[in-house]
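Reviewing the structure listed below.
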Amino acid sequence: MLEQLTDGASSLVTSVTSGAKQMTDEIVQQVTDLIEGVIVMIVTSCVIPLLVLVAFLWLGHVLLGIDISGPANYLTGRFLSAPSKHVKKGGQSE
């Protein structure tokens, strides 16, 4: 009878540890799938459209001779030298 109890206890410990290992493996797999999904989403939503835009600008410059430095200089100057919208006419800020 004592031998059956020890066998039952050892099988219980074995089943608990194998269940815990299986559960952690499933959690790790789910986290890995989540990370891969986020990476795919970032690449398809951000990186590819930006590369397409750069490719079209480059092709426009190469094939048609479109100068894209003008709008870039305008935007850079606009953002760097723009006065604050919260400045009153007298020069005092609100």
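Each reported figure results from applying straightforward, stated rules to the coordinates on display, with no laboratory input. This structure is a prediction, so every number in the text was calculated from the model and none was measured. Here the Cβ is made from the backbone with ideal geometry for all residues, glycine too, and neighbour counts use every protein chain on show.
Extension gain, Glu3 to Val31: 0.36 nm times the residue separation minus the Cα-Cα distance gives 5.9 nm.
Principal axis extents of the C-alpha atoms in the stretch 1-63 (largest first, rounded to whole Å): 89, 13, 6.
Model label points for Lys21 and Val40, set 7 angstrom from Cα along the Cα-to-Cβ axis, are 3.0 nm apart.
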